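K.L.:
My questions all concern the structure below.
The values are calculated or read from the model by the stated rules, or taken from the named source; none is laboratory data. Every value quoted in this text rests on a predicted model; they were computed, and no experiment measured them. For neighbour counting, all protein chains shown are included, and Cβ atoms are generated from backbone atoms with ideal geometry for every residue, glycine included.
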Number of protein chains: 4
Amino acid sequence: MAQLRADARRNRERILAAAEEVFAERGASASTEEVAARAGVAIGTVFRHFPAKDDLIAAILKALLARLVSEAGELAASGDPETALFAFFTRVVEAAAARRTVAELLTGGGADLRLGGALRALDEPLGTLLRRAQEAGAVREDVRLEEVTALLAAASQAALLAGWTPELQDRTLEIIFRGCRP
Amino acid sequence: MAQLRADARRNRERILAAAEEVFAERGASASTEEVAARAGVAIGTVFRHFPAKDDLIAAILKALLARLVSEAGELAASGDPETALFAFFTRVVEAAAARRTVAELLTGGGADLRLGGALRALDEPLGTLLRRAQEAGAVREDVRLEEVTALLAAASQAALLAGWTPELQDRTLEIIFRGCRP
Amino acid sequence: MAQLRADARRNRERILAAAEEVFAERGASASTEEVAARAGVAIGTVFRHFPAKDDLIAAILKALLARLVSEAGELAASGDPETALFAFFTRVVEAAAARRTVAELLTGGGADLRLGGALRALDEPLGTLLRRAQEAGAVREDVRLEEVTALLAAASQAALLAGWTPELQDRTLEIIFRGCRP
Amino acid sequence: MAQLRADARRNRERILAAAEEVFAERGASASTEEVAARAGVAIGTVFRHFPAKDDLIAAILKALLARLVSEAGELAASGDPETALFAFFTRVVEAAAARRTVAELLTGGGADLRLGGALRALDEPLGTLLRRAQEAGAVREDVRLEEVTALLAAASQAALLAGWTPELQDRTLEIIFRGCRP
DNA sequence: GATGAATGAGAGTTCATTCAT
DNA sequence: GATGAATGAACTCTCATTCAT
């Protein structure tokens, strides 16, 4: 991947971008052909870069998770422990709100993309943020990572609901956060 | 629907039951043919009763919602106002946990099956339960129906997660409920 | 298969006939779509009757082998032991000459259609004919079933050669037969 | 071909060698890309040397035939006329046994690779060997080149059968040879 | 009304071949 | 000349839907 020709790298990125758009709009059942069209390449090019549709979806998800993990890392390093967890939580939900695929894949996707495979990548940074928040007294001691993750997945799904607005998001997350506080 | 021949009515119900099973197990992408097989009828019979696959799915959802609405009514009539809302909330999540389709359809399915079309049916009974709970002082005054519905949808989705167990459900819902209490 | 509707049975047979033709002409790599076209049905109909291309090919081969086995049985029952083996041998080669698929499949086809799977069906009747011929003194004692089968496959393949004519067939098989005689 | 740059000539030969291996293992349906990979060149290089896949296959076959023709020449020049024909026959069958492509192409491949195009190259040396053998009294007078070629093709195909072993080869060819002797 | 065979658009995937780098 | 990314037609197979029986 590091040694791709310039044009290949360009196409790879256009395909990823197109796929993110298409899957965000239509969900993971959108056709690979549409991704190709949106990226302005032939269908074969998509399959050259991602041998199977699942590989393409996995690549998108992986990229997104990597971004989130890195954001979590930054928050853990420099943020206020009392608010970092909730800030991150909000951030993830916002990302999901913009992408049907994300939430879909958290539960539905290919076998190995389920919670065990995908959300698990967030376990470590999320765990750190949770521990810090508890040490800072911002979250009850009896709240465990497991339910935080579940709530995160839940809220990410909810973010796709028809009437979802920033204001509703605030009010909804506030209930969850309040439930976590001592 | 009122004037169906006896055998037709019987078939209709067997198809609905089969569809609920099949879609619960395999999700909404299960094939209509499998529904027919499970119901013990021919594929043509399914399409005679439900002109399109979406109609069948909508019918299942409608039936489920009707059941839930009636349960909500009973709780509102006879239950303890302080706990009825949360009891109902738990009940819905449990129903979702047993059915892939439900949660899937809340966000995914055909356009008109989204929150606006489906969950809206719960608005009235849910609103009643909420109002009663608030009057009884069991729920904060500033919690609105909208976010309760969103949380309900969210938790219903989460119920499909790989690691979901009754215990995790308790812990997760408890956070949400705590966030609702004064 | 016995309870197929009349139209289904008709189509099944038209598909088999078309497939035999098409594969005979173009080899097993001919497209299923061409078979469908030749049979005058839509592609889906072919796949309804034969869930995968291999099933279609296997069905053709099975039918042909069944015919040959039954011919062998008749020859064993009523034919002159001294000539029955060679008559059957000739018969098989003639059948192969008319069908690319046959010879192809004897060596090439799907994994389970190779010699072990396909020609093996001829083992029993061929063995009987061979034993009778040896008892009648028409074939050397040291000729075994294995090499007869090999020669049969060989000659069947050769029957597809460009210059193959009835006359060449006679002269070629005569050499083989002479080699088998005491 | 005479004026190729040294590296081009080297590539050409590596491609031929790789192709012989790949097609021998996987048959003519193996992908050109695999040939390129095995040869350690890019796919474009293969197509520069052989404008179409068939050209590559034809080149392999031609090379093999050339080798066989030269072996036949040597046998004709220096071998015992009584056994040279059968020795050559055996040699060809052994070559075929090691290469799926050979036998496949004798009947299957592109139209112009059939008997008329390929085996014809063996006509002359084979004719010479046959004539010598007949003059030496080792082969019946009424055996003609045509059927020898047919038997050769036949045995070459048979060499690909699943159960083919050196011992089976001996027994099978012995029958053919016996049929040729006076 | 019920049956279930037929339909055919569409999906994912492969691969010979072309052509910009 | 070599490279290898891009192309796109072709192929197998699926499934919602229609319609003759």
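K.L.:
Taking residue B:70, is it outside any helix (DSSP H, G or I) and among the hydroxyl-bearing types (Ser, Thr, Tyr)? If you could, list the steps in order and put the result at the bottom.
P.N.:
Numbers: outside any helix (DSSP H, G or I): no; among the hydroxyl-bearing types (Ser, Thr, Tyr): yes.
For residue B:70, the condition - outside any helix (DSSP H, G or I) and among the hydroxyl-bearing types (Ser, Thr, Tyr) - is not met.
K.L.:
Condition check: within 14 Å of another protein chain (Cβ to nearest Cβ), more than 16 Å from DNA strand F (Cβ to nearest atom) and either more than 28 Å from residue B:176 (Cβ to Cβ) or hydrophobic (A, V, I, L, M, F, W, C) (or both). Does residue B:89 satisfy that?
P.N.:
Against the criterion (within 14 Å of another protein chain (Cβ to nearest Cβ), more than 16 Å from DNA strand F (Cβ to nearest atom) and either more than 28 Å from residue B:176 (Cβ to Cβ) or hydrophobic (A, V, I, L, M, F, W, C) (or both)), residue B:89 qualifies.
K.L.:
Of all residues in the stretch C:40-83, count the ones that are within 10 Å of DNA strand F (Cβ to nearest atom) and over 22 Å from residue C:27 (Cβ atoms).
P.N.:
Result for the stretch C:40-83: 4.
K.L.:
Of all residues in the stretch A:159-182, which are part of a helix (DSSP H, G or I) and either in contact with a Ser or Thr (Cβ under 7 Å, 6 or more places away or on another chain) or among the aromatic types (Phe, Trp, Tyr) (or both)?
P.N.:
Keep residues of the stretch A:159-182 that are part of a helix (DSSP H, G or I), which gives A:166-180.
Within the stretch A:159-182, A:173, A:177 meet the criteria.
K.L.:
Can you pull out the residues in the stretch A:9-58 that are aliphatic (A, V, I, L, M) and touching a residue at least 40 places away in the same chain (Cβ under 8 Å)?
P.N.:
A:15, A:16, A:19, A:24, A:28, A:56, A:57, A:58
K.L.:
Is it the case that residue A:41 is of a type in the set (A, V, I, L, M, F, W, C), farther than 19 Å from residue A:95 by Cα and touching a Leu at 6+ places or on another chain (Cβ under 9 Å)?
P.N.:
no
K.L.:
Separate question: Among the residues of the stretch D:55-67, what is the count of those that are β-branched (Val, Ile, Thr) and either under 12 Å from residue D:125 (Cβ atoms) or not in a helix (DSSP H, G or I) (or both)?
P.N.:
Restricting attention to the stretch D:55-67, the residues satisfying the condition of being β-branched (Val, Ile, Thr) are D:57, D:60.
Add one more test, that the residue is either under 12 Å from residue D:125 (Cβ atoms) or not in a helix (DSSP H, G or I) (or both), and what stays is none.
So the answer is 0.
K.L.:
Hey, does the stretch B:32-40 have a residue that's more than 16 Å from the chain's Cα centre (by Cα), among the basic types (Lys, Arg) and within 11 Å of DNA strand E (Cβ to nearest atom)?
P.N.:
No, the stretch B:32-40 contains no residue that is more than 16 Å from the chain's Cα centre (by Cα), among the basic types (Lys, Arg) and within 11 Å of DNA strand E (Cβ to nearest atom).
Here's the yes/no breakdown for (1) at pLDDT 90 or above; (2) under 18 Å from residue D:142 (Cα atoms); (3) assigned to a helix (DSSP H, G or I):
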| residue | (1), (2), (3) |
| --- | --- |
| D:85 | yes, yes, yes |
| D:93 | yes, no, yes |
| D:116 | no, no, no |
| D:122 | no, no, yes |
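K.L.:
Please work out which one of (1) more than 14 Å from chain D (Cβ to nearest Cβ); (2) touching a Gly at 6+ places or on another chain (Cβ under 9 Å); (3) not in a helix (DSSP H, G or I) is the condition residue C:51 fails and give its number.
P.N.:
(2)
K.L.:
Any residue at all in the stretch B:124-142 that is at positive phi, part of a loop (DSSP other than H, G, I, E, B) and not acidic (Asp, Glu)?
P.N.:
First pass over the stretch B:124-142, keeping only residues at positive phi: B:137.
Among the residues that remain, those that are also part of a loop (DSSP other than H, G, I, E, B) are: B:137.
Subset that is not acidic (Asp, Glu): B:137.
Yes, because at least one residue in the stretch B:124-142 is at positive phi, part of a loop (DSSP other than H, G, I, E, B) and not acidic (Asp, Glu).
K.L.:
Let me ask something else. Take the residues in the stretch D:137-147 that are surrounded by fewer than 23 Cβ atoms within 10 Å (Cβ to Cβ) and in contact with a Ser or Thr (Cβ under 9 Å, 6 or more places away or on another chain); name whichever of them is farthest from the other protein chains (Cβ to nearest Cβ).
P.N.:
Filtering the stretch D:137-147 for residues that are surrounded by fewer than 23 Cβ atoms within 10 Å (Cβ to Cβ) and in contact with a Ser or Thr (Cβ under 9 Å, 6 or more places away or on another chain), the one farthest from the other protein chains (Cβ to nearest Cβ) comes out as D:138.
K.L.:
Checking the condition within 10 Å of DNA strand E (Cβ to nearest atom), more than 17 Å from residue B:99 (Cα to Cα) and at pLDDT 90 or above, which residue from B:44, B:73 passes?
P.N.:
It is B:44.
K.L.:
For the stretch C:24-41: of the residues being in a helix (DSSP H, G or I), modelled with pLDDT under 90 and not acidic (Asp, Glu), which is surrounded by the fewest Cβ atoms within 10 Å (Cβ to Cβ)?
P.N.:
C:26
K.L.:
So which pairs qualify, if the first residue must be in the stretch B:158-182 and more than 8 Å from every other protein chain (Cβ to nearest Cβ), the second must be surrounded by fewer than 16 Cβ atoms within 10 Å (Cβ to Cβ), the Cβ gap must be under 6 Å, and the two must be at least 6 apart or on different chains?
P.N.:
That search, which allows pairs on different chains as well, returns B:182/B:140.
K.L.:
Right, next: If you take the residues of the stretch A:4-30 that are within 14 Å of DNA strand F (Cβ to nearest atom) and within 14 Å of another protein chain (Cβ to nearest Cβ), which of them is nearest to residue B:29 (Cα to Cα)?
P.N.:
A:29
K.L.:
Ok, one more. Testing residue D:172 on (1) over 19 Å from residue D:81 (Cα atoms); (2) buried (at least 19 other Cβ atoms within 10 Å of the Cβ); (3) at pLDDT below 95, one condition comes back false. Which one is that?
P.N.:
The one condition residue D:172 does not meet is (3).
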